[in-house]
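These notes are about the structure you will find just below.
The values are calculated or read from the model by the stated rules, or taken from the named source; none is laboratory data. Model, not experiment: these values are computed from the prediction. Cβ atoms come from the backbone with ideal geometry, glycine included; neighbour counts cover every protein chain shown.
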Amino acid sequence: AQSVTQLGSHVSVSEGALVLLRCNYSSSVPPYLFWYVQYPNQGLQLLLKYTSAATLVKGINGFEAEFKKSETSFHLTKPSAHMSDAAEYFCAVSESGYNKLIFGAGTRLAVHP
Amino acid sequence: EAQVTQNPRYLITVTGKKLTVTCSQNMNHEYMSWYRQDPGLGLRQIYYSMNVEVTDKGDVPEGYKVSRKEKRNFPLILESPSPNQTSLYFCASSFLSATDTQYFGPGTRLTVL
């Protein structure tokens, strides 16, 4: 069965510091992996998506994620945090032929001056 | 503008009083789904629909019903709401399946007293 684990429900960084949000997944076949962001009082929007074309995926707002099959990980990074990055981030997994999308519990990112 | 709309955005009701939350998309998407978001649990899929008249259970379907009579609409029905259904609900749509980018509505905050 598919599952997603996000390590750290809250992450706090200084403005300009590296952002690292961790995601590990479980999947029996090559997965489709996603990072979504939720700004306060809004719905979710896609940050980036892995579909097996390339292991390093670049998304919007300077975020990127690397698919590591050996570690079953898909961690999200951004070299330099901005105040506007403060939000909740969700990792999600699905599989071809599997019609469900499984989300992790989310990581709330705080950025302080 | 391409969008997913939900109504109402906020709803307070009492135990046992039937309610419907509407969801509509204008992107001609085949796949639609409902999620509930609870603190510490992330988003959990309630029901999904691959096409008109095709619906299936997600991970937490108990106490909910859906219908898909038209491609654009996917209402969520709570026939006898209970306090444990107090949550934030999101509708989402995508081109064909769970492996495609999901487009989320703004959310409906439901409180059942």
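Looking at segment B:30-65 only, could you name the residues that are away from chain A (no Cβ under 14 Å) and either in contact (Cβ under 8 Å) with a residue 12 or more places away in the chain or among the polar types (S, T, N, Q) (or both)? Of everything in segment B:30-65, those that are away from chain A (no Cβ under 14 Å) and either in contact (Cβ under 8 Å) with a residue 12 or more places away in the chain or among the polar types (S, T, N, Q) (or both) turn out to be B:Val52, B:Glu53, B:Gly63, B:Tyr64, B:Lys65.
Taking the conditions exactly as written (in contact with a strand residue (DSSP E or B) (Cβ under 8 Å, 6 or more places away or on another chain) and more than 18 Å from B:Thr101 (Cα to Cα)), does A:Thr77 satisfy them or not? Answer is yes for this residue. Have a look at A:Lys78, A:Lys100, A:Lys68, A:Lys49 and point out the one that is basic (Lys, Arg) and surrounded by fewer than 13 Cβ atoms within 10 Å (Cβ to Cβ). Only one candidate passes the filter, namely A:Lys68. The set of residues from segment A:102-113 being more than 9 Å from chain B (Cβ to nearest Cβ) and either among the aliphatic types (A, V, I, L, M) or part of a strand (DSSP E or B) (or both) comprises A:Thr107, A:Arg108, A:Leu109, A:Ala110, A:Val111, A:His112. Selection of segment B:86-96 for residues being surrounded by fewer than 20 Cβ atoms within 10 Å (Cβ to Cβ) and either in contact with a Gly (Cβ under 9 Å, 6 or more places away or on another chain) or at pLDDT below 95 (or both) yields B:Leu88, B:Leu96. Output yes when any residue across segment B:32-48 is exposed (fewer than 14 other Cβ atoms within 10 Å of the Cβ) and either at pLDDT 95 or above or part of a strand (DSSP E or B) (or both), and no when none is. No, segment B:32-48 contains no residue that is exposed (fewer than 14 other Cβ atoms within 10 Å of the Cβ) and either at pLDDT 95 or above or part of a strand (DSSP E or B) (or both). Is it fair to say A:Ala53 is assigned to a loop (DSSP other than H, G, I, E, B) and either farther than 20 Å from A:Ser14 by Cβ or not polar (S, T, N, Q) (or both)? Yes: the conditions hold for A:Ala53.
For segment A:9-50, which strands (runs of 3 or more DSSP E) that fit wholly inside it have 1 or more residues that are modelled with pLDDT under 95? The strands (runs of 3 or more DSSP E) meeting that bar are A:19-26, A:31-38, A:44-50. When you check A:Ser96 against the structure, is it farther than 25 Å from B:Tyr48 by Cα and among the small types (Gly, Ala, Ser), yes or no? When the stated conditions are applied, A:Ser96 does not pass them. For segment B:97-113, the set of residues classified as crowded, with 18+ Cβ neighbours inside 10 Å, more than 8 Å from chain A (Cβ to nearest Cβ) and in a loop (DSSP other than H, G, I, E, B) consists of B:Asp100 only. Residues in segment A:85-101 that are modelled with pLDDT of 95 or more and either over 12 Å from A:Tyr36 (Cα atoms) or not in a strand (DSSP E or B) (or both): A:Asp85, A:Ala86. Each residue in segment A:9-33 was checked for being under 20 Å from A:Ala81 (Cα atoms) and either under 12 Å from the mean Cα position of the chain (by Cα) or among the polar types (S, T, N, Q) (or both), and 8 of them qualify. Examine segment A:68-88 for a residue that is within 11 Å of another protein chain (Cβ to nearest Cβ), farther than 20 Å from B:Gly42 by Cα and of a type outside the set (Phe, Trp, Tyr), and state whether such a residue exists. No, there is no match, as no residue in segment A:68-88 is within 11 Å of another protein chain (Cβ to nearest Cβ), farther than 20 Å from B:Gly42 by Cα and of a type outside the set (Phe, Trp, Tyr).
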